[in-house]
Amino acid sequence: MDVLVHAQAHLRIGLLSGNVRPLHTRVPQRRAAPMTVEEKCRRPVGLARVDRNTCQFPNGGECTSCVAACPWEAVMVAGDGFDSHIQVDSERCTGCGACEAVCPVRPSRAIVVNPPIQADRFHN
């Protein structure tokens, strides 16, 4: 209780001295434009990247859990025969993380979603 009284006293002193502006006089923050539910679902928050060195599929494993988990069909098997590998379509990937969540590779996943800034550095 003493902390609350102390904080209120400092706020009053700040308001009286002009060092703190009351909430109703603060400049409003910029807000994002309203979006539909479909727009929100399709707005990219990152991009998935596959590490072919740790992924089980190109190394003889039969794992395609990331392909099955992707709700946007952005993760797919590419190539043919001995050169098959998991590939991410950057136009479809929203960075939702469903593929990363089901990846069985540990301790670090073979497919990882990177934030948009880092995602530009990787090519699938």
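The values are calculated or read from the model by the stated rules, or taken from the named source; none is laboratory data. From a predicted model like this one, the values you see are computed outputs, not experimental measurements. FYI the Cβ positions are ideal-geometry reconstructions off the backbone, even for glycines, and counts take in every protein chain you see.
Among the residues of region 69-97, write down those that are under 22 Å from LYS40 (Cα atoms) and either surrounded by fewer than 17 Cβ atoms within 10 Å (Cβ to Cβ) or touching a Cys at 6+ places or on another chain (Cβ under 6 Å) (or both). If the condition is that a residue be under 22 Å from LYS40 (Cα atoms) and either surrounded by fewer than 17 Cβ atoms within 10 Å (Cβ to Cβ) or touching a Cys at 6+ places or on another chain (Cβ under 6 Å) (or both), then ALA69, CYS70, PRO71, TRP72, GLU73, ALA74, VAL75, ASP89, SER90, GLU91, ARG92, GLY97 are the ones that fit.
Condition test on ALA101, is it touching a residue at least 12 places away in the same chain (Cβ under 8 Å) and touching a Cys at 6+ places or on another chain (Cβ under 8 Å)? Working first, answer last.
Values: touching a residue at least 12 places away in the same chain (Cβ under 8 Å): yes; touching a Cys at 6+ places or on another chain (Cβ under 8 Å): no.
No.
Just to be sure I understand, how many residues within region 55-72 are assigned to a loop (DSSP other than H, G, I, E, B) and within 15 Å of VAL102 (Cβ to Cβ)? Quick ask: steps written out before the conclusion?
Quick first cut of region 55-72, residues assigned to a loop (DSSP other than H, G, I, E, B) only: 55-64, 70-72.
Checking which are within 15 Å of VAL102 (Cβ to Cβ) leaves us with 55-57, 61-64, 70-72.
Matching residues across region 55-72 total 10.
Tell me yes or no: at least one residue of region 49-57 is over 15 Å from ILE111 (Cβ atoms) and modelled with pLDDT of 80 or more. Don't jump to the end; show me each part of the working.
From region 49-57, those over 15 Å from ILE111 (Cβ atoms) are none; that's our starting set.
Looking for residues that are over 15 Å from ILE111 (Cβ atoms) and modelled with pLDDT of 80 or more, one finds none in region 49-57, hence no.
A Cβ distance below 8 Å, combined with a sequence gap of six or more or placement on separate chains, defines the contacts here; from region 45-60, residues that are more than 15 Å from ASP83 (Cα to Cα) reach residues that are of a type in the set (A, V, I, L, M) and modelled with pLDDT under 90 in the pairs GLY46/ALA119; LEU47/ALA119; ARG49/ALA119.
A quick yes/no check of all residues on (1) of a type in the set (A, V, I, L, M, F, W, C); (2) at pLDDT 90 or above:
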site	(1), (2)
ALA7	yes, no
PRO44	no, no
GLU100	no, yes
VAL113	yes, yes
